[in-house]
Amino acid sequence: MKIALINENSQAAKNGIIFDALKTVAEPLGHTVFNYGMYGADDKASLTYVMNGLLAGILLNSKAADFVVTGCGTGMGAMLACNSMPGVFCGLVIDPTDAFLFGQINDGNAISMPYAKGFGWAAELNLQDVYRKLFDGERGLGYPKERAEIMAKNRGILKDLKAASCKDMLTVLKTIDQDLLKAAVAGEKFSEYFFANAQDEEMKAYIKGLVG
(Lines give C-alpha, C1' and ligand atoms only; values in the text may rest on other atoms or scores of the structure.)
Protein backbone atom coordinates (compact mmCIF):
# COMPACT_ATOMS: atom_id res chain seq x y z
CA MET A 1 0.00 0.00 0.00
CA LYS A 2 1.20 3.53 -0.82
CA ILE A 3 0.74 5.77 2.21
CA ALA A 4 1.01 9.56 1.85
CA LEU A 5 1.85 11.82 4.78
CA ILE A 6 0.66 15.44 4.61
CA ASN A 7 1.29 18.08 7.29
CA GLU A 8 0.04 21.67 7.37
CA ASN A 9 1.91 24.80 8.40
CA SER A 10 0.96 25.11 12.08
CA GLN A 11 2.42 21.66 12.89
CA ALA A 12 5.07 21.43 10.18
CA ALA A 13 7.91 21.36 12.72
CA LYS A 14 6.66 17.94 13.88
CA ASN A 15 6.85 16.36 10.42
CA GLY A 16 10.06 14.48 11.21
CA ILE A 17 8.60 12.90 14.36
CA ILE A 18 5.42 11.87 12.55
CA PHE A 19 7.24 10.57 9.47
CA ASP A 20 9.68 8.51 11.55
CA ALA A 21 6.83 6.93 13.56
CA LEU A 22 4.88 6.14 10.39
CA LYS A 23 7.88 4.62 8.60
CA THR A 24 8.90 2.62 11.67
CA VAL A 25 5.54 0.85 11.67
CA ALA A 26 4.41 0.81 8.03
CA GLU A 27 7.54 -0.17 6.12
CA PRO A 28 8.20 -3.48 7.94
CA LEU A 29 4.58 -4.37 7.12
CA GLY A 30 5.35 -3.98 3.41
CA HIS A 31 3.88 -0.51 2.87
CA THR A 32 5.67 2.43 1.23
CA VAL A 33 5.48 5.88 2.82
CA PHE A 34 5.70 9.10 0.79
CA ASN A 35 6.30 12.28 2.76
CA TYR A 36 4.58 15.15 0.92
CA GLY A 37 5.52 17.67 3.64
CA MET A 38 5.46 20.22 4.94
CA TYR A 39 8.93 19.31 6.15
CA GLY A 40 9.46 22.28 8.44
CA ALA A 41 7.93 25.58 9.50
CA ASP A 42 10.13 27.52 7.07
CA ASP A 43 9.23 25.54 3.95
CA LYS A 44 8.89 27.66 0.84
CA ALA A 45 5.63 25.89 -0.04
CA SER A 46 3.15 26.34 2.81
CA LEU A 47 0.10 24.10 3.27
CA THR A 48 -3.06 24.98 5.19
CA TYR A 49 -5.44 22.34 6.52
CA VAL A 50 -7.72 23.17 3.59
CA MET A 51 -4.91 22.36 1.18
CA ASN A 52 -4.31 19.11 3.07
CA GLY A 53 -7.82 18.04 2.10
CA LEU A 54 -7.38 19.09 -1.51
CA LEU A 55 -4.04 17.28 -1.74
CA ALA A 56 -5.57 14.16 -0.18
CA GLY A 57 -8.31 14.27 -2.83
CA ILE A 58 -5.73 14.55 -5.62
CA LEU A 59 -3.56 11.71 -4.33
CA LEU A 60 -6.37 9.26 -3.58
CA ASN A 61 -8.45 9.88 -6.70
CA SER A 62 -5.43 9.66 -8.99
CA LYS A 63 -4.26 6.50 -7.15
CA ALA A 64 -0.92 8.16 -6.43
CA ALA A 65 -1.67 7.02 -2.87
CA ASP A 66 -3.88 4.32 -1.37
CA PHE A 67 -4.09 5.92 2.07
CA VAL A 68 -3.47 9.40 3.47
CA VAL A 69 -2.24 10.29 6.95
CA THR A 70 -2.80 13.97 7.72
CA GLY A 71 -3.81 16.25 10.55
CA CYS A 72 -3.59 19.71 12.07
CA GLY A 73 -3.68 21.20 15.57
CA THR A 74 -6.87 19.40 16.61
CA GLY A 75 -7.22 17.10 13.59
CA MET A 76 -10.72 18.39 12.95
CA GLY A 77 -10.03 20.97 10.26
CA ALA A 78 -7.99 18.58 8.13
CA MET A 79 -10.66 15.89 8.59
CA LEU A 80 -13.40 18.24 7.40
CA ALA A 81 -11.33 19.36 4.41
CA CYS A 82 -10.58 15.75 3.43
CA ASN A 83 -14.22 14.74 3.68
CA SER A 84 -15.22 17.60 1.36
CA MET A 85 -13.37 15.80 -1.45
CA PRO A 86 -14.91 13.11 -3.70
CA GLY A 87 -13.83 9.59 -2.87
CA VAL A 88 -12.13 10.52 0.42
CA PHE A 89 -13.37 8.94 3.67
CA CYS A 90 -11.38 10.42 6.54
CA GLY A 91 -11.67 9.64 10.24
CA LEU A 92 -10.53 11.68 13.23
CA VAL A 93 -8.09 9.40 15.07
CA ILE A 94 -6.66 10.34 18.45
CA ASP A 95 -5.62 7.02 19.99
CA PRO A 96 -5.08 3.36 19.03
CA THR A 97 -8.69 2.43 19.85
CA ASP A 98 -9.92 5.05 17.37
CA ALA A 99 -7.53 3.64 14.78
CA PHE A 100 -8.69 0.06 15.30
CA LEU A 101 -12.40 0.91 15.19
CA PHE A 102 -12.02 3.20 12.16
CA GLY A 103 -10.12 0.49 10.30
CA GLN A 104 -12.53 -2.30 11.18
CA ILE A 105 -15.87 -0.46 11.03
CA ASN A 106 -15.44 2.42 8.57
CA ASP A 107 -12.47 1.14 6.53
CA GLY A 108 -11.81 4.61 5.13
CA ASN A 109 -8.81 5.77 3.14
CA ALA A 110 -7.53 8.66 5.27
CA ILE A 111 -7.04 9.66 8.89
CA SER A 112 -6.56 13.06 10.48
CA MET A 113 -4.75 13.37 13.82
CA PRO A 114 -4.25 16.17 16.37
CA TYR A 115 -0.61 17.24 16.41
CA ALA A 116 -0.99 20.08 18.96
CA LYS A 117 -3.88 19.11 21.26
CA GLY A 118 -2.68 16.34 23.58
CA PHE A 119 0.64 15.98 21.73
CA GLY A 120 3.04 15.77 24.66
CA TRP A 121 5.50 13.42 26.31
CA ALA A 122 5.77 10.05 24.49
CA ALA A 123 3.59 11.32 21.64
CA GLU A 124 5.70 9.34 19.19
CA LEU A 125 4.73 6.12 21.01
CA ASN A 126 1.05 6.94 20.61
CA LEU A 127 1.65 7.59 16.90
CA GLN A 128 3.34 4.22 16.46
CA ASP A 129 0.55 2.43 18.33
CA VAL A 130 -2.06 4.18 16.17
CA TYR A 131 -0.32 3.22 12.93
CA ARG A 132 0.12 -0.37 14.12
CA LYS A 133 -3.60 -0.74 14.86
CA LEU A 134 -4.40 0.78 11.48
CA PHE A 135 -1.96 -0.91 9.10
CA ASP A 136 -1.21 -4.31 10.66
CA GLY A 137 -3.67 -6.91 9.39
CA GLU A 138 -6.82 -6.79 7.33
CA ARG A 139 -9.20 -3.86 7.69
CA GLY A 140 -12.98 -3.83 7.30
CA LEU A 141 -13.61 -7.04 9.24
CA GLY A 142 -16.16 -5.36 11.50
CA TYR A 143 -16.38 -4.83 15.25
CA PRO A 144 -18.05 -6.64 16.79
CA LYS A 145 -17.52 -9.18 14.02
CA GLU A 146 -21.13 -10.36 14.01
CA ARG A 147 -22.05 -6.92 12.66
CA ALA A 148 -19.50 -7.07 9.83
CA GLU A 149 -22.09 -7.60 7.10
CA ILE A 150 -24.26 -4.60 8.01
CA MET A 151 -21.16 -2.44 8.44
CA ALA A 152 -19.94 -3.36 4.97
CA LYS A 153 -23.39 -2.60 3.57
CA ASN A 154 -23.43 0.82 5.20
CA ARG A 155 -19.97 1.60 3.83
CA GLY A 156 -21.27 0.86 0.35
CA ILE A 157 -24.32 3.07 0.88
CA LEU A 158 -22.09 5.91 2.11
CA LYS A 159 -19.80 5.51 -0.89
CA ASP A 160 -22.77 5.73 -3.28
CA LEU A 161 -24.16 8.74 -1.39
CA LYS A 162 -20.85 10.57 -1.64
CA ALA A 163 -20.53 9.77 -5.34
CA ALA A 164 -24.01 11.25 -5.92
CA SER A 165 -23.34 14.38 -3.86
CA CYS A 166 -19.81 15.20 -5.13
CA LYS A 167 -18.37 16.16 -8.48
CA ASP A 168 -15.57 14.02 -9.90
CA MET A 169 -12.06 15.08 -8.89
CA LEU A 170 -11.02 16.37 -12.32
CA THR A 171 -14.04 18.70 -12.35
CA VAL A 172 -13.09 19.85 -8.86
CA LEU A 173 -9.56 20.64 -10.05
CA LYS A 174 -10.85 22.65 -12.99
CA THR A 175 -13.41 24.67 -11.04
CA ILE A 176 -11.70 25.54 -7.75
CA ASP A 177 -9.51 28.60 -7.26
CA GLN A 178 -6.46 27.84 -9.42
CA ASP A 179 -4.10 29.74 -7.12
CA LEU A 180 -5.24 27.50 -4.25
CA LEU A 181 -4.61 24.43 -6.38
CA LYS A 182 -1.15 25.63 -7.45
CA ALA A 183 -0.22 26.28 -3.82
CA ALA A 184 -1.42 22.81 -2.78
CA VAL A 185 0.80 21.06 -5.33
CA ALA A 186 3.86 23.31 -4.89
CA GLY A 187 5.59 21.08 -2.35
CA GLU A 188 9.25 20.21 -2.79
CA LYS A 189 8.61 16.51 -3.46
CA PHE A 190 5.11 16.68 -4.95
CA SER A 191 6.04 16.36 -8.63
CA GLU A 192 8.60 13.63 -7.97
CA TYR A 193 6.17 11.45 -6.03
CA PHE A 194 2.91 12.29 -7.81
CA PHE A 195 3.93 11.80 -11.43
CA ALA A 196 5.76 8.57 -10.62
CA ASN A 197 2.71 7.03 -8.90
CA ALA A 198 -0.51 8.60 -10.20
CA GLN A 199 -2.57 6.40 -12.52
CA ASP A 200 -5.23 8.85 -13.73
CA GLU A 201 -3.81 10.27 -16.95
CA GLU A 202 -6.30 13.15 -17.23
CA MET A 203 -5.53 14.36 -13.73
CA LYS A 204 -1.79 13.99 -14.36
CA ALA A 205 -2.05 16.01 -17.56
CA TYR A 206 -4.08 18.77 -15.93
CA ILE A 207 -1.72 19.11 -12.96
CA LYS A 208 1.32 18.95 -15.23
CA GLY A 209 -0.10 21.93 -17.07
CA LEU A 210 -0.17 23.81 -13.78
CA VAL A 211 3.25 22.92 -12.41
CA GLY A 212 5.08 22.87 -15.75
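The values are calculated or read from the model by the stated rules, or taken from the named source; none is laboratory data. Model, not experiment: these values are computed from the prediction. A quick note on method: Cβ atoms are made from the backbone with ideal geometry, for glycine too, and the neighbour counts reach across all protein chains shown. Note: areas computed on protein heavy atoms with side chains; ligands, DNA, RNA excluded. Shrake-Rupley method; radii C 1.70, N 1.55, O 1.52, S 1.80 Å.
Structure summary
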quantity: Three-way shape call for region 1-118 based on the alpha-carbon gyration tensor, with the a/c threshold at 1.5; calculated: rounded
quantity: Flagged links, alpha-carbon separation over 22 Å, of K2/K145; K63/K189; K23/K44; calculated: K2/K145; K23/K44
quantity: Peptide ranges 39-47, 53-61, 80-88, 2-10 listed from the most packed, as the mean C-beta count within 10 angstrom indicates; calculated: 53-61, 2-10, 80-88, 39-47
quantity: Whole-percent carbon and sulfur share, accessible surface of the chain, 1.4 Å; calculated: 54 percent
quantity: Charge tally in the Cβ shell below 13 Å around T24, where Lys, Arg are +1 and Asp, Glu are -1, T24 excluded; calculated: -3
quantity: Per residue accessible area of the chain, 1.4 Å probe, in Å²; calculated: 48 Å²
quantity: Over the chain, relative contact order from alpha-carbon pairs under 8 Å, at least 6 apart, %; calculated: 24 percent
quantity: Highest average packing first - 116-124, 131-139, 62-70, 195-203, Cβ atoms within 10 Å; calculated: 62-70, 131-139, 195-203, 116-124
